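Peer 1: One structure follows; several queries about it will come next.
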Amino acid sequence: MIELQQPNSKNPKVRSARNPSNPSHEFKDSNKNQKQINNNKDTKRKKNVRLEVQKMLGGRFIDRPVVFSRDSKYFFCYCSNTIKVTSVETGDILKTISITPEMGGHKNDITFIRIDSNNVNQLYSASLDGTIKLWNYNNMRLIKEYCVGLPILRMEMHDSYPDQFFIVTAEPHKVDSKTGSRNKQVKHALLSIKFDKQANIVQSSLICKSNSTCTSIEISENGDLLVVTFSHEIRVIDLKSINDTPTQNWPKYKHPNKISCAAINSHKGFIAIGDLSGKITYWYCLEKSQLEDPVTSESHWHAHKVNSLVFSSDGNYLISGGEEAVLCIWRVEDSFVIFIPRLGSEIMNISISPDQTIYAVGLLDNSIKLVSMVNYSFKQALQGLKHESLANPLSTGLVLEPRNYDVVLNGHPGTIQFYNAYMDRHVMELEVSVTNRVSRIFEEEVVRHHVKHVCFSKNGKWMATVDARNDGVNTPELYLKFWHFDPNSQTYQQNCRVDFPHYEDILSLCFHNGTTDDDPTFITTGLDTKFKVWELNKIDDNDSIESVIWTCVFIGSYKKFIPRTAAVSKDGSVLAVSFNNTITLWDAFTYTLKRNLQCMPSSENVKHILFTNDEPFLVSATNNFLYVWNIHTCEVLYRHVLEVEMTALDPNSSDFVVAWNNRFLKECKLMIYNPKNHDPLQIHKVNHIVKSLTYLPRRSDDLESSQSEQKSNILYITDKNDMYILGEPSSIKPKVSTRKLEQKSHSYFSDIFGNNNKTLEQLSSKESDVDESDIEEEKQKESPISKKKKKNKKSFMKANQTSNNLSTPILNSKPVSKTNKDESVDLNNDEKNEHTVEDVEDVEDVEDKTQKITKVTNGTSTPITSVQVVTNNTFQQNEQYDKHKEDKNQNMVKKIRDDDEQKKPTLPKTNGNGKLNGKHNSKSNSINHKSKKREMDSSDDLTLNNTKKKMKKLLQS
């Protein structure tokens, strides 16, 4: 338990405010505190370690229609500057293309992708960074890159015009020289870009331009016509004559309503135009006779804006979608329509697979649903982050569920989403407020419930949520709900609802760390100047969920100030509640006020409070200041001048991160602190606007050592709904000793003859972690003679096994010729047979020879020696072989004994007390050495006898 002490009012140790980015500023600390900081080794880190993006996930991939592969087994969706390859059968993301600019990817958002007609394994991509790239999506390799130099808003291409692209770009804003303001009027232009491979020249020409925004660009199926639409204009361009006269006056038509989308029907000869009023207009203007006075017809079912139009391959059906969340299939001949309702969200775009069996529908909730064209059933779905930035702000932030470390955040209005950040996959969606998802009536916006706060108990058994609704007309709604995790359904079930827990809006919600999942406690703060403590009580002794109720056990206030936020220490002994610029410390069990901490200046309210892990420090932040308090002494340890917008605490250490956005430069700066050190440990700049952040614990397979277990990665979400996992690079490499590397090395030579003998000199030259005692133990365990005997046995066993198949050689090499066979059985010539089977005992001489490398039929390189199979031609030389074998073995044993006597251990031996052994030890060692020699002699004779018997049996067979 943290004990609060009376602060020293005579000589308070308060550090002056400073900017941590100014290195010239120094603190005048006491020697005691300075020594404490310097002696703490846990806060020392390498200065050269920088944070790196470990993974990118989430993202918004419904801004453009998806593209199917030619075999309709995969589809490609692009979010931000990446392309995700997804399986149609399973809905899993298989690959990600154009991940980072360092790997050849785009630097800005991708606006166009298309499969190459000449190669089905390649696709084109265009981006706002002004580049067009050709990828091989099988190996994710960049093949070709075209640099346009202008932002590509939309693009089209056709097989009839190779290396020619039709792009829509925006002219740069003009700056007024007097006022310095930019012209807000947007001018879009359609350009023709052609790359000449032979002359290495880029040819560009202006086709048309407009002062309004381009809404669509389409090319007819035969490639003769290009249709581009602006806000109220339709222009039809003849591509056959565009290279001759690119700037001629093309036909231009005025549409009565603002155009939202368009599609070309080359078979029927008309253009379908969708507008903001929900009408679909057919313009018959593709024939030469219809250019001057086109005929139009209308079909109207949609009540709101038509977002997407697409024709079937034969042109008989038109598919449309909009805000009503209903997929409409129109028969062009008689305008008969088939409806596929309740898709769940507003339809943004539609695509059709090349085999005409699947509709890919992109929805506003950032999901792609695959609908079968045969029976109109849902086949598969890909769900991303459902958070909508405009209509549904991220009030909950990023909250971690303690059970599986799923990220919990706002989803569709009135719901929360559970997202697996490790696998980049949607887990589930929980409806906090059950509503009917219908479209709006006329132009009135439907005000839905909004989830403001989410909090979990220690182990995730209980969850508390706060949701509200206020349309300005009816009575405001405010609910505090408690949820219990159901292991059978693997979801949270509502247990209790409290209507109007506060008279005004709830500002914060936190869990009491001093309680468990069996008796949890939650704390809320509100605009009504009250903070309330909610506890779980049991009605009877029954352990069922139905027999528990939630009650408010305490209501606290302080000088009628507004409680902004609350937090409980990790040991559950202290409750901190911020009232304007004052932090009040309460006993977390008796709820009695103990201390007050004043943050200066008094005009700024405390917005964030954090208790560090296992250390008596409290972190608080206002709009412009960051404070770190010592709870034991109730004094300010240090204070920084920082514009703090977000804070987060590492659950596995005492580190915390603060962040603030520079909206003018569209960047965010992250600073990681340790409460014991006033200087930031790390500073990282993000080239995005960050909406929320939290710490994400690393998985067990990502941990490299016990030190990395104390570190967590930083997870943040940007204004584009892109999530990034930020962490330190892998600095600790896996330690693999040279012994393991020798065991892992594989060759046919080592399979037959075994590995090299390890002498004391070789072992002492290994890695530094092998000490002298390890070398001495290994020497005592196995002598060189015993090693050679084991290798002899293994090699003879392999020779016997391979000799059973007389028609194939031992090694993976070419068949041996007759001349080679005659040489191999010439046992009298020792120089020619240094590598034959009977010379296996001379392992050192064999391994010193250079191995020959030959190319075999399968294309691999294999070490080849002159080892051959003993054939029937050797039966006549059994006596000569045995005699040669005995002489050779006796000579080798004698030679090894002489070498063993000469090579005595040079490393000193120690006894059990750690002292060097004396003469009595050396005498015992010599006795043991003689006894070992006798055992080696006897075992050597047994080995020779066994070898003779095996070879005789082999030759007789």
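The values are calculated or read from the model by the stated rules, or taken from the named source; none is laboratory data. On a predicted model such as this, the values are computed, not experimentally measured, just so you know. Neighbour counts are summed over all protein chains in view; Cβ atoms, including those assigned to glycine, are modelled from backbone coordinates with ideal geometry.
Residue by residue, here is whether (1) at pLDDT 95 or above; (2) part of a loop (DSSP other than H, G, I, E, B); (3) in contact with a Pro (Cβ under 8 Å, 6 or more places away or on another chain) holds:
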site: LYS594; (1), (2), (3): no, no, no
site: GLU604; (1), (2), (3): no, yes, no
site: ASP614; (1), (2), (3): no, yes, no
site: ASN623; (1), (2), (3): no, yes, no
site: THR633; (1), (2), (3): no, yes, yes
site: LEU637; (1), (2), (3): no, no, yes
site: VAL644; (1), (2), (3): no, yes, no
site: SER654; (1), (2), (3): no, yes, yes
site: TRP660; (1), (2), (3): no, no, no
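Peer 1: Please specify each residue of the stretch 446-494 satisfying the condition of being over 20 Å from TYR405 (Cα atoms) and among the acidic types (Asp, Glu).
Peer 2: ASP467, ASP471, GLU477
Peer 1: Tell me, which residue of the stretch 662-693 that is in contact (Cβ under 8 Å) with a residue 12 or more places away in the chain and either in a loop (DSSP other than H, G, I, E, B) or among the aromatic types (Phe, Trp, Tyr) (or both) is nearest to ARG50 (Cα to Cα)? Even if it seems obvious, please write down each step before you answer.
Peer 2: Of the stretch 662-693, the ones in contact (Cβ under 8 Å) with a residue 12 or more places away in the chain are 663, 666-693.
Still in the list and also either in a loop (DSSP other than H, G, I, E, B) or among the aromatic types (Phe, Trp, Tyr) (or both): 663, 666, 673, 675-676, 687-689.
Details: ARG663: 24, LYS666: 21, TYR673: 14, PRO675: 20, LYS676: 20, ASN687: 16, HIS688: 18, ILE689: 20 Å.
Ranking the qualifying residues of the stretch 662-693, first place goes to TYR673.
Peer 1: Under 19 Å from TYR317 (Cα atoms) and in a loop (DSSP other than H, G, I, E, B): which single residue out of TYR405, TYR359, TYR376 fits that description?
Peer 2: Just a single option satisfies the conditions, and that option is TYR376.
Peer 1: So GLU298 fits all but one of (1) in a loop (DSSP other than H, G, I, E, B); (2) touching a strand residue (DSSP E or B) at 6+ places or on another chain (Cβ under 8 Å); (3) charged (D, E, K, R); what number is the exception?
Peer 2: Result: GLU298 fails condition (1) only.
Peer 1: Turning to a different aspect of this structure: Keeping to the stretch 85-107, report how many residues are of a type in the set (Lys, Arg) and either crowded, with 18+ Cβ neighbours inside 10 Å or in a loop (DSSP other than H, G, I, E, B) (or both).
Peer 2: Restricting attention to the stretch 85-107, the residues satisfying the condition of being of a type in the set (Lys, Arg) are 95, 107.
In the following step, the residues that additionally are either crowded, with 18+ Cβ neighbours inside 10 Å or in a loop (DSSP other than H, G, I, E, B) (or both) were identified as 107.
Going through the stretch 85-107 one residue at a time, the tally reaches 1.
Okay, residues lined up against (1) of a type in the set (Asp, Glu); (2) over 20 Å from GLY362 (Cβ atoms):
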residue	(1), (2)
LYS84	no, no
ILE99	no, yes
ASP116	yes, yes
ILE152	no, yes
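Peer 1: Mind checking whether some residue in the stretch 449-469 is within 26 Å of GLY344 (Cα to Cα), under 33 Å from the mean Cα position of the chain (by Cα) and of a type in the set (Asp, Glu)?
Peer 2: Within the stretch 449-469, one or more residues are within 26 Å of GLY344 (Cα to Cα), under 33 Å from the mean Cα position of the chain (by Cα) and of a type in the set (Asp, Glu).
Peer 1: Among the residues of the stretch 544-565, is there at least one that is among the small types (Gly, Ala, Ser), modelled with pLDDT of 90 or more and surrounded by fewer than 19 Cβ atoms within 10 Å (Cβ to Cβ)? First the steps, then the outcome.
Peer 2: Of all residues in the stretch 544-565, those among the small types (Gly, Ala, Ser) come to 544, 547, 556-557.
If we keep only those that are modelled with pLDDT of 90 or more as well, we get 556-557.
Subsequent filtering for residues that are surrounded by fewer than 19 Cβ atoms within 10 Å (Cβ to Cβ) retains 557.
Yes, the conditions are met somewhere in the stretch 544-565.
Peer 1: State whether one or more residues within the stretch 102-111 are without any contact (Cβ under 8 Å) to a residue 24 or more places away in the chain and under 30 Å from GLU728 (Cα atoms). I'd like the intermediate steps shown before the answer.
Peer 2: The initial filter retains those residues of the stretch 102-111 that are without any contact (Cβ under 8 Å) to a residue 24 or more places away in the chain, namely 102-103.
From what is left, the residues that are under 30 Å from GLU728 (Cα atoms) are 102-103.
Yes, because at least one residue in the stretch 102-111 is without any contact (Cβ under 8 Å) to a residue 24 or more places away in the chain and under 30 Å from GLU728 (Cα atoms).
Peer 1: Right, next: Can you tell me which residues in the stretch 583-592 are part of a strand (DSSP E or B) and in contact with a Phe, Trp or Tyr (Cβ under 7 Å, 6 or more places away or on another chain)? Show your work before the answer.
Peer 2: So the first thing to find is which residues in the stretch 583-592 are part of a strand (DSSP E or B), and the list is 583-587.
Answer for the stretch 583-592, where residues must be part of a strand (DSSP E or B) and in contact with a Phe, Trp or Tyr (Cβ under 7 Å, 6 or more places away or on another chain): just THR584.
Peer 1: Provide a single number: the residues in the stretch 300-324 that are out of contact with any Lys or Arg (no Cβ under 7 Å at 6 or more places or on another chain) and either surrounded by 20 or more Cβ atoms within 10 Å (Cβ to Cβ) or within 22 Å of VAL67 (Cβ to Cβ) (or both).
Peer 2: Counting residues in the stretch 300-324 that are out of contact with any Lys or Arg (no Cβ under 7 Å at 6 or more places or on another chain) and either surrounded by 20 or more Cβ atoms within 10 Å (Cβ to Cβ) or within 22 Å of VAL67 (Cβ to Cβ) (or both) gives 15.
Peer 1: Got at least one residue in the stretch 284-296 being at pLDDT below 90, surrounded by fewer than 17 Cβ atoms within 10 Å (Cβ to Cβ) and either on the phi > 0 side of the Ramachandran plot or among the aliphatic types (A, V, I, L, M) (or both)?
Peer 2: Scanning the stretch 284-296 turns up at least one residue that is at pLDDT below 90, surrounded by fewer than 17 Cβ atoms within 10 Å (Cβ to Cβ) and either on the phi > 0 side of the Ramachandran plot or among the aliphatic types (A, V, I, L, M) (or both).
Peer 1: So ILE539 ticks every box in (1) under 22 Å from THR396 (Cβ atoms); (2) among the β-branched types (Val, Ile, Thr); (3) without any contact (Cβ under 8 Å) to a residue 12 or more places away in the chain but one. Which box is left unticked?
Peer 2: (1)
Peer 1: Could you check the stretch 653-670 and list, in sequence order, the residues that are buried (at least 21 other Cβ atoms within 10 Å of the Cβ) and of a type in the set (A, V, I, L, M)?
Peer 2: Once the filter is applied, which keeps residues that are buried (at least 21 other Cβ atoms within 10 Å of the Cβ) and of a type in the set (A, V, I, L, M), the stretch 653-670 yields VAL657, VAL658, ALA659, LEU670.
Peer 1: Does MET428 satisfy the condition of being assigned to a loop (DSSP other than H, G, I, E, B), surrounded by fewer than 18 Cβ atoms within 10 Å (Cβ to Cβ) and among the aliphatic types (A, V, I, L, M)? Write out each step before concluding.
Peer 2: Numbers: assigned to a loop (DSSP other than H, G, I, E, B): no; surrounded by fewer than 18 Cβ atoms within 10 Å (Cβ to Cβ): yes; among the aliphatic types (A, V, I, L, M): yes.
No, not satisfied.
Peer 1: Now, a different point. Can you spot a residue in the stretch 37-48 that is under 28 Å from the mean Cα position of the chain (by Cα), in a loop (DSSP other than H, G, I, E, B) and modelled with pLDDT of 80 or more?
Peer 2: For the stretch 37-48, residues under 28 Å from the mean Cα position of the chain (by Cα), in a loop (DSSP other than H, G, I, E, B) and modelled with pLDDT of 80 or more: absent.
Peer 1: Let me ask something else about it. When you scan the stretch 557-576, do you find a residue that is aromatic (Phe, Trp, Tyr), out of contact with any strand residue (DSSP E or B) (no Cβ under 7 Å at 6 or more places or on another chain) and not in a strand (DSSP E or B), even just one?
Peer 2: Among the residues of the stretch 557-576, not one is aromatic (Phe, Trp, Tyr), out of contact with any strand residue (DSSP E or B) (no Cβ under 7 Å at 6 or more places or on another chain) and not in a strand (DSSP E or B), which makes the answer no.
Peer 1: Would the stretch 531-554 turn up any residue that is over 22 Å from ASP518 (Cα atoms) and of a type in the set (A, V, I, L, M)?
Peer 2: Taking the stretch 531-554 first, the residues over 22 Å from ASP518 (Cα atoms) are 531.
Narrowing further to those that are of a type in the set (A, V, I, L, M): none.
No: zero hits.
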